[in-house]
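Worksheet for the structure shown next.
The values are calculated or read from the model by the stated rules, or taken from the named source; none is laboratory data. This is a predicted model, so every value here is computed, not measured. Note: ideal-geometry Cβ built from the backbone for every residue, glycine included; neighbour counts use all protein chains shown. Remember, those area values only see protein heavy atoms, side chains included, never the ligands or the DNA or RNA. Shrake-Rupley method; radii C 1.70, N 1.55, O 1.52, S 1.80 Å.
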Amino acid sequence: ELQLYFDRVTATVRGGGVGPEAPVLRAALESLETDSGIHQLVPYFVRFAQEEVATSLKNLPRLTAVVAATRALVSNPDVHVELYLHQLMPSVVTCMVAKRLSARPEDDHWTLRESAARVVALICRKFGAAYPTIQPRITRTLLRALLDAKPLPTHFGAIAGLTALGP
């Protein structure tokens with residue numbers, strides 16, 4: 001049953017929730033956020049997120065769905081993602097500061113960057129007490145992205161991240 005669940009959720013996320021698939025994606029995200037029986041699948045969902053971000057950097061709907069799925073997993077009170085934060089964070093930060101996140105520059109990748117920034121801030125708030133170095137490390141990463149000679153979308157993502165982290 002868990003394998004079937006995993007296959008269905010990952011297929012839905014890969015589809016990006018575009019068009020008639022939007023309600024299916026919303027249901028999958030709600031399940032990821034509330035289902036207490038998926039804790040055994042966390043390492044597989046983390047690896048899935050890593051692979052999808054690495055292979056789909058120009059597929060905006062898919063990246064948006066991956067970030068939403070990550071937020072849902074992190075928000076689930078019954079799932080322990082803290083053991084996998086070191087694997088999960090690079091994927092979310094990539095969705096914030098990558099040079100290109102869509103096939104066409106006129107696509108709305110800005111919203112994805114802001115969404116990824118909110119997920120990073122959520123992770124820092126939720127796990128900052130247990131991992132006190134997580135927010136300073138993310139802040140340094142974003143500051144480097146902002147201060148280096150990077151393109152505007154990267155600077156925007158870094159600013160969005162720093163803003164979401166707060167003072």
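Rundown of residues vs (1) more than 17 Å from residue 64 (Cα to Cα); (2) at pLDDT 95 or above; (3) buried (at least 16 other Cβ atoms within 10 Å of the Cβ), yes/no style:
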{"position": "107", "(1), (2), (3)": "no, no, no"}
{"position": "127", "(1), (2), (3)": "yes, no, yes"}
{"position": "135", "(1), (2), (3)": "yes, no, yes"}
{"position": "160", "(1), (2), (3)": "no, yes, yes"}
{"position": "167", "(1), (2), (3)": "yes, no, no"}
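Given the options 8, 62, 14, 47, name the one that is open to solvent by 20 Å² or more (accessible area, probe 1.4 Å), out of contact with any strand residue (DSSP E or B) (no Cβ under 8 Å at 6 or more places or on another chain) and modelled with pLDDT of 95 or more.
On the way: 8 fails: modelled with pLDDT of 95 or more; 62 fails: modelled with pLDDT of 95 or more; 14 fails: modelled with pLDDT of 95 or more.
Unique residue meeting the criteria: 47.
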Any residue in the range 48-74 that is farther than 16 Å from residue 109 by Cα sitting within a Cβ distance under 6 Å of a residue that is of a type in the set (D, E, K, R)? List the pairs, counting only those 6 or more apart or interchain. 72/33
In the range 67-105, the residues that are over 21 Å from residue 139 (Cα atoms), open to solvent by 20 Å² or more (accessible area, probe 1.4 Å) and in a helix (DSSP H, G or I): 68, 75
With the requirement that a residue be open to solvent by less than 20 Å² (accessible area, probe 1.4 Å) and either in contact with an Asp or Glu (Cβ under 8 Å, 6 or more places away or on another chain) or under 17 Å from residue 154 (Cβ atoms) (or both), what does the range 109-125 give you? 109, 112, 113, 116, 117, 120
Only one of these conditions is not met by residue 10: (1) touching a Phe, Trp or Tyr at 6+ places or on another chain (Cβ under 6 Å); (2) more than 25 Å from residue 107 (Cα to Cα). Which number is it? (2)
Can you run down the residue pairs with Cβ atoms below 8 Å, 6 or more apart or on separate chains, where the first is in the range 12-37 and within 19 Å of residue 75 (Cα to Cα) and the partner is outside any helix (DSSP H, G or I) and of a type in the set (Phe, Trp, Tyr)? none
Which ones in the range 11-35 are hydrophobic (A, V, I, L, M, F, W, C) and out of contact with any helix residue (DSSP H, G or I) (no Cβ under 7 Å at 6 or more places or on another chain)? 11, 22, 27
